[in-house]
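To keep things clear, I will list the structure first and then write my remarks on it.
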Amino acid sequence: MKTLKIASIPGDGIGKEVVPASIDVLKTIADVHGGLKFEFVDFPWSCEYYLEHGTMIPEDGLKRLTDFDGIFLGAVGNPKLVADHISLWGLLIKIRREFEQTINLRPAKGMRGIQSPLLNPKDFDIMVVRENSEGEYSSVGGTIYQGEDEIAIQNAVFSRKATERAMRFAFDLSTKRKKHVTSATKSNGIVYSMPFWDKVFKDVSKEYPEIKTESQHIDALAAFFVTKPHRFDVIVASNLFGDILTDIGAAIMGSIGIAPAANINVNGKYPSMFEPVHGSAPDIEGKGIANPIGQIWTAKMMLDHFGEEELGAKLLDCIENVTGAGYLTPDLGGNSTTSDVTIAIINQLKTI
Ligand code: ATP
Ligand code: MG
């Protein structure tokens, strides 16, 4: 019996609704399919916790998390209670940084029964690997002069280590998929970092002769993401380019409420963190209508991460059976509730 110890942090807003729903789904998978057991420990770290304790997580919080195989997070932030820079930096970004979660992984996939804003979407199934520790989002730079001469300088940092790490991750992932990796570049306009990026991509690709590769400039790539998403399998991108592409990805899927994500610690030294793309959505909190699919699909990514890809594929299939059958929350134009969708997915899991 394989046991996975998971730290569950529902966080704020609808996180407190969709995380318990997803844990019910994961427990069902363990019950139905055997061989796998989850041990969940709940942590109440959130904006409410901050108001009570003056800190988003206790002093030994990170240390307590290191004992777990994975972290399953809902959403953090409620600007009405706590300023975003305090809540995000005090919990989310702290975990991502301290636990060296250097890869952000996000799928974009057309789903049965869900209307994509694309006009004629063919089946698309993309995985974007975003380098998540450096690149354009560095803190290197500054401003000089004042008034009309004022200048801001922002440096991008690309290390061979982090670039190779992201690319190897993309190639490894692609071996389990359609064996095609696209690199997002812009070496015709950014003349130091992007030619370096291209060079590392070429170097790493030599280790994977069975995988087809292509490089595309980010502007063209962003356009193709909308017009021809079925052309892509795995895309590897820098921090900024990956940020933009993954948001387009969530948009073409049909709702931010279904988009999953994972923050991966590649060397396994610390736990990885699984959290959907959406935020705490305070506008719909407590109404029972939050779409649980983003969080449940995030649970599928957690299964994949722990080598349970077969169960992960089954779970995604169940999700699509449910959306295909018309169980849609209001963000997808339906009138199902969080619990309608969750129960339908659990019932599906029991039948396959
Ligand atoms: P953050 O700043 O935390 O990233 P945000 O406030 O910018 O978050 P969200 O909290 O994701 O964004 O909400 C954006 C919009 O999408 C809101 O109108 C919200 O109701 C809707 N939304 C987000 N997640 C879901 C969901 N799971 N189900 C239904 N609607 C959702
Ligand atoms: Mg917000």
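Among the numbered conditions (1) among the charged types (D, E, K, R); (2) within 11 Å of ligand 1 (Cβ to nearest atom); (3) assigned to a loop (DSSP other than H, G, I, E, B); (4) under 20 Å from the mean Cα position of the chain (by Cα), the only one that LYS287 does not meet is (4).
Looking at segment 1-114, the strands (runs of 3 or more DSSP E) lying wholly inside it that each contain 1 or more residues that are away from ligand 2 (no atom under 16 Å from the Cβ) and closer than 30 Å to GLY135 by Cα sit at 2-11, 70-75, 103-109. Checking each residue in segment 254-267 for being touching a strand residue (DSSP E or B) at 6+ places or on another chain (Cβ under 8 Å) and modelled with pLDDT under 95 picks out no residue at all. Selection within segment 274-296: residues that are surrounded by fewer than 24 Cβ atoms within 10 Å (Cβ to Cβ) and hydrophobic (A, V, I, L, M, F, W, C). The member of this set that is nearest to GLY70 (Cα to Cα) is VAL277.
When only residues in segment 55-102 that are aromatic (Phe, Trp, Tyr) and at pLDDT 95 or above count, which is nearest to PRO282 (Cα to Cα)? Taking the candidates together, the pick is PHE72. From the list GLU308, GLU320, the one residue that fits, being charged (D, E, K, R), in contact (Cβ under 8 Å) with a residue 24 or more places away in the chain, touching a strand residue (DSSP E or B) at 6+ places or on another chain (Cβ under 8 Å) and on the phi < 0 side of the Ramachandran plot, is GLU308. Of the residues making up segment 164-201, those that are among the aliphatic types (A, V, I, L, M) and either more than 17 Å from ALA262 (Cα to Cα) or outside any helix (DSSP H, G or I) (or both) are VAL181, ALA184, ILE190, VAL191, MET194, VAL200. For segment 253-272, the set of residues classified as crowded, with 18+ Cβ neighbours inside 10 Å and either closer than 21 Å to TYR327 by Cβ or within 15 Å of ligand 1 (Cβ to nearest atom) (or both) consists of MET253, GLY254, SER255, GLY257, ILE258, ALA259, PRO260, ALA261, ASN263, listed by residue number. Once segment 79-91 is narrowed to residues that are near ligand 1 (Cβ under 10 Å from one of its atoms) and within 12 Å of MET56 (Cα to Cα), the residue that is surrounded by the most Cβ atoms within 10 Å (Cβ to Cβ) is SER87.
When we screen ALA250, ALA223 for residues that are in contact with a His (Cβ under 9 Å, 6 or more places away or on another chain), part of a helix (DSSP H, G or I) and either assigned by TED's automatic domain parsing to the domain that holds ALA162 or modelled with pLDDT under 95 (or both), the only hit is ALA250. Beta carbons closer than 6 Å, at least 6 apart along the sequence or on distinct chains, pair a first residue in segment 340-352 that is closer than 17 Å to LYS27 by Cβ with a second that is outside any helix (DSSP H, G or I) and hydroxyl-bearing (Ser, Thr, Tyr) for VAL341/TYR327; ALA344/TYR327. Each residue in segment 292-304 was checked for being without any contact (Cβ under 8 Å) to a residue 60 or more places away in the chain and either within 16 Å of ligand 2 (Cβ to nearest atom) or of a type in the set (Val, Ile, Thr) (or both), and 1 of them qualify.
The values are calculated or read from the model by the stated rules, or taken from the named source; none is laboratory data. Because the structure is a prediction, the values reported are computed rather than measured. Here the Cβ is made from the backbone with ideal geometry for all residues, glycine too, and neighbour counts use every protein chain on show.
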